[in-house]
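The structure under discussion appears below in the form of structure tokens.
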Amino acid sequence: MEKRQLLYEGKAKKVFATDDPTLLIVEYKDDATAFNGVKKGTIEGKGVINNRMSNYLMRYLERSDIPTHFVRELSERETLVKKVTIIPLEVIVRNIAAGSFSQRYGVEEGTVFSSPTVEFSYKNDALGDPLLNTDGALALDLADQVELALIRQYALRINQGLRKFWRDCGVTLVDFKLEFGRLRDGTIVLADEISPDTCRLWDTATREKLDKDRFRRDLGGVEDAYREILRRMESHDA
Ligand code: TMP
């Protein structure tokens, strides 16, 4: 597979064309941002960890019939993925109150929900990714009714799968963000990444944060947390 021109550089990843028009190469960087790019930094080794974790979890989800963009890991930081058109929705699933949910509704972080919530945000940096309901998504023509229902169903199934996965590693899945894309034929697949950048993951025993909140909130021990969560993941099948 030949790596061709850089198509796009985001905050945490670069995307390259390949000699196959249906495939792209994603390259994970160590760069980290928070608060819509206001806070910037580097998390040494993050790109390697996020690449490995995202691929591992997408393969795991594929086994329970969640279609994803994943094709093949090419190197420590590079993965071959199916080319999709990203649907500009951030799909956030929450099991426990934290972050913007706690702030918006005045709920103490750590409050466990009786059932998970699915939230949509409009993926638009200039607007600061504002919250959006399904009617808003329809009005903006981001997806149709059937697609939005399917995305919600996938999000909840992914939550079930990932909760169980992390439970077996002694980790509590608090919340996470997903992005979906369309293949050329319109099929919706899970895209982007699943990593400590996009999930809140707490040690179940100590409640220690093992995710990007350590960077966002200046808690220290950022690299150690990423290494520890990778170790937990890799203990899953061991
Ligand atoms: P929030 O509580 O800040 O809305 O974040 C919810 C989840 O989404 C959390 O696991 C972190 C993740 N997330 C992203 O992946 N990208 C983002 O830009 C933001 C704001 C959150």
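The values are calculated or read from the model by the stated rules, or taken from the named source; none is laboratory data. All figures in this text were calculated on a predicted structure; none of them were measured in a lab. Using ideal geometry, Cβ is built from the backbone for each residue, glycine included, and neighbour counts are taken over all protein chains shown. Heavy atoms of the whole protein, side chains included, go into the accessibility calculation; ligands, DNA and RNA do not. Shrake-Rupley method; radii C 1.70, N 1.55, O 1.52, S 1.80 Å.
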| request: Keeping to the range 47-89, report how many residues are outside any strand (DSSP E or B) and either among the hydrophobic types (A, V, I, L, M, F, W, C) or under 21 Å from I188 (Cα atoms) (or both). | output: 23
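Going by the conditions given, is A155 touching a residue at least 60 places away in the same chain (Cβ under 8 Å), within 16 Å of the ligand (Cβ to nearest atom), farther than 19 Å from N50 by Cβ and of a type in the set (A, V, I, L, M, F, W, C)?
Details: touching a residue at least 60 places away in the same chain (Cβ under 8 Å): yes; within 16 Å of the ligand (Cβ to nearest atom): yes; farther than 19 Å from N50 by Cβ: yes; of a type in the set (A, V, I, L, M, F, W, C): yes.
So A155 fits the description; yes.
So for the range 204-219 (the condition being open to solvent by less than 40 Å² (accessible area, probe 1.4 Å), in contact with a Leu (Cβ under 6 Å, 6 or more places away or on another chain), assigned to a helix (DSSP H, G or I) and over 18 Å from R94 (Cβ atoms)), does at least one residue qualify? Steps first, answer last, please.
Initial filter on the range 204-219 (open to solvent by less than 40 Å² (accessible area, probe 1.4 Å)): 209-215.
Retained after the next criterion (residues that are in contact with a Leu (Cβ under 6 Å, 6 or more places away or on another chain)): 210-211.
Applying the additional criterion that residues be assigned to a helix (DSSP H, G or I) yields none.
Within the range 204-219, none of the residues are open to solvent by less than 40 Å² (accessible area, probe 1.4 Å), in contact with a Leu (Cβ under 6 Å, 6 or more places away or on another chain), assigned to a helix (DSSP H, G or I) and over 18 Å from R94 (Cβ atoms).
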| Any pair with Cβ under 7 angstrom, 6 or more apart, that starts in the range 175-186 at a residue that is within 9 Å of the ligand (Cβ to nearest atom) and ends at one that is among the hydroxyl-bearing types (S, T, Y) | F176/T198; K177/T198
| message | Given the criterion aromatic (F, W, Y), under 23 Å from D129 (Cβ atoms) and within 15 Å of the chain's Cα centre (by Cα), identify the matching residue among Y60, Y56, Y28, Y8. | response | Y28
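I'd like the residue in the range 24-51 that is charged (D, E, K, R) and open to solvent by 20 Å² or more (accessible area, probe 1.4 Å) and, out of all such residues, is farthest from the ligand (Cβ to nearest atom).
Going through the range 24-51, the residues charged (D, E, K, R) turn out to be 27, 29-31, 39-40, 44, 46.
Now narrow it down to the ones that are open to solvent by 20 Å² or more (accessible area, probe 1.4 Å): 27, 29-31, 39-40, 44.
On the way: E27: 18, K29: 15, D30: 17, D31: 14, K39: 12, K40: 14, E44: 20 Å.
For the range 24-51, the residue satisfying everything is E44.
Working carefully through the options R231, R217, R200, R207, find the one that is touching a residue at least 12 places away in the same chain (Cβ under 8 Å), charged (D, E, K, R) and more than 10 Å from the ligand (Cβ to nearest atom). Spell out how you get there, then give the answer.
Numbers: R231 fails: touching a residue at least 12 places away in the same chain (Cβ under 8 Å); R217 fails: touching a residue at least 12 places away in the same chain (Cβ under 8 Å); R200 fails: more than 10 Å from the ligand (Cβ to nearest atom).
Checking each option against the conditions leaves just R207.
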| query | In this structure, does L138 turn out to be more than 16 Å from the ligand (Cβ to nearest atom) and either β-branched (V, I, T) or open to solvent by less than 50 Å² (accessible area, probe 1.4 Å) (or both)? | reply | no
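Suppose we keep only residues that are in contact with a strand residue (DSSP E or B) (Cβ under 6 Å, 6 or more places away or on another chain) and open to solvent by 40 Å² or more (accessible area, probe 1.4 Å) within the range 151-171. Which one would you say is farthest from D224 (Cα to Cα)?
R152
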| request: Pick out the one residue from A143, A191 that is within 16 Å of the ligand (Cβ to nearest atom) and at pLDDT 95 or above. | output: A191
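Scan the range 116-132 residue by residue and report those that are open to solvent by 70 Å² or more (accessible area, probe 1.4 Å) and either part of a loop (DSSP other than H, G, I, E, B) or over 16 Å from V91 (Cα atoms) (or both).
Hits for the range 116-132 are K123, A126, L127.
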| task | Would you mind stating whether D237 is under 15 Å from I49 (Cα atoms), without any contact (Cβ under 8 Å) to a residue 24 or more places away in the chain and assigned to a loop (DSSP other than H, G, I, E, B)? | result | no
| task | Residue by residue through the range 57-111, note down the ones that are open to solvent by 10 Å² or more (accessible area, probe 1.4 Å), away from the ligand (no atom under 11 Å from the Cβ) and under 14 Å from I158 (Cα atoms). | result | R59, Y60, E62, R63, S64, D65, P67
